1. For region 215-261, how many residues meet the condition of being in contact with a Gly (Cβ under 6 Å, 6 or more places away or on another chain), open to solvent by less than 30 Å² (accessible area, probe 1.4 Å) and in a helix (DSSP H, G or I)?
2. Picking from Ala116, Ala170, Ala143, Ala112, which residue would you name as being touching a residue at least 24 places away in the same chain (Cβ under 8 Å) and more than 14 Å from the ligand (Cβ to nearest atom)?
3. Can you tell me which residue in region 2-14 is farthest from the ligand (Cβ to nearest atom), limited to those that are surrounded by 24 or more Cβ atoms within 10 Å (Cβ to Cβ) and under 15 Å from Ser46 (Cβ atoms)?
4. Conditions first: (1) surrounded by fewer than 21 Cβ atoms within 10 Å (Cβ to Cβ); (2) over 17 Å from Thr198 (Cα atoms). Ile131 passes all but one, so which condition is the exception?
5. Looking at Arg203, Arg290, which is the one that is surrounded by fewer than 16 Cβ atoms within 10 Å (Cβ to Cβ), without any contact (Cβ under 8 Å) to a residue 12 or more places away in the chain and basic (Lys, Arg)?
6. Would you be able to tell me the number of residues in region 121-140 that are out of contact with any helix residue (DSSP H, G or I) (no Cβ under 8 Å at 6 or more places or on another chain) and either near the ligand (Cβ under 10 Å from one of its atoms) or modelled with pLDDT under 95 (or both)?
7. Anything in region 65-109 that is within 11 Å of the ligand (Cβ to nearest atom), hydrophobic (A, V, I, L, M, F, W, C) and either within 16 Å of the chain's Cα centre (by Cα) or open to solvent by 30 Å² or more (accessible area, probe 1.4 Å) (or both)? List them, or say none.
8. Suppose we keep only residues that are assigned to a helix (DSSP H, G or I) and of a type in the set (A, V, I, L, M) within region 262-290. Which one would you say is nearest to Ser189 (Cα to Cα)?
Amino acid sequence: MILVTGANGNLGGRVVANLLELVGPSGFVAGTRNPESPFARKLAESGVSVRRADFDDPTTLPSAFEGIDTALIISTYADNSVRPRQNLNAIEAAKAAGVRRLVYTSFANASANSLAEHSHQVHYPTEQALIASGMDYTILRHALYADILVNDLDETLASGVFHRPGGTAACAYIARDDLGVSAATVLASEGHENRIYTETMERPLTSDQIAALMSEAFGREIRYEAVPADAWADYMTRHWGVPAHLARSSIGTMRAIEAGEFDVRTSDYAEITGHPPQSIETFLRSVASRRMSS
Ligand SMILES: NC(=O)c1ccc[n+]([C@@H]2O[C@H](COP(=O)([O-])OP(=O)(O)OC[C@H]3O[C@@H](n4cnc5c(N)ncnc54)[C@H](OP(=O)(O)O)[C@@H]3O)[C@@H](O)[C@H]2O)c1
């Protein structure tokens, strides 16, 4: 039996949708902090078993992992000071329950030396703990979500300026929709034991290239203007209202982009799924067409 934690999140929901196709409602269990949420109730009505799984409350975890063969741990959005303990709680409970294989959503180039705080403070230590646990593991190192390029699309289209750190460095992206497909595939099939996959689109892109592709997809001139990584937190707070303490946590990631840490490309996604991920052109065109029809 398969367990997906964090089922009610953006990525979790996509994994659930793909598992419904791949193994059907009786083939997996959905773990979430709140089994009474409208999402969880709807899932239960469709025949999916829903269990409470809260990494902050280890008492919920033995029953969440009971009878589970393969589980997906979706990393949370909590503060970096909290996330390692959350992940360890999940790893320890899975091991105690006899889970055979854990799948974990990590980050491209996770390492002890990464400039991205969440890589060296959360993802890399979690990967190490998972590898040391003795369970089989599959680590999915995600490139940056392409979805974050269009978080501020209204502002980008209104101003004709795409603001980001990064300068001239290329960065790997991948669409969250695709990551839902690949995560469900590694959960539902064998041959992924003790593998570390880095999931990227077929080519990394500079922000100038992204702005040019946005111009084509949205039919208006968009140019790139660099915001230095060190000014990014302030930019997010002033323009998007992101609370300062949350905004600060992304500075390291932005420095890592500027330093070219995510200038990577792999064919791991195609190896998992049998087909390439959508290109940035396809991704942007589908955002544009959804926007037209809404
Ligand atoms: N690669 C990238 O560029 C990138 C970008 C953004 C985020 N991420 C990472 O990817 C993860 C998924 O992204 P998303 O967009 O799906 O985020 P999201 O929609 O905000 O979902 C957050 C997830 O965290 C789960 N969660 C929160 N607290 C939890 C706890 N105490 N115990 C167990 N689960 C908990 C939630 O599950 P329930 O609500 O079901 O309990 C939910 O699945 C993020 O949390 C983050 O670590 C990566």
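1. 1
2. Ala170 is the lone residue from the list that is touching a residue at least 24 places away in the same chain (Cβ under 8 Å) and more than 14 Å from the ligand (Cβ to nearest atom).
3. For region 2-14, the residue satisfying everything is Val4.
4. (2)
5. Arg290
6. Number satisfying all stated conditions: 1.
7. Leu72, Ile73, Ile74, Ala78, Val82, Phe107, Ala108
8. Looking at residues that are assigned to a helix (DSSP H, G or I) and of a type in the set (A, V, I, L, M), I get Ile272.
The values are calculated or read from the model by the stated rules, or taken from the named source; none is laboratory data. These figures come from a predicted structure and were not determined experimentally. All Cβ positions, glycine included, derive from the backbone under ideal geometry; neighbour counts span all protein chains shown. Note: accessible area is taken over every heavy atom of the protein model, side chains too, but ligands, DNA and RNA are not part of it. Shrake-Rupley method; radii C 1.70, N 1.55, O 1.52, S 1.80 Å.
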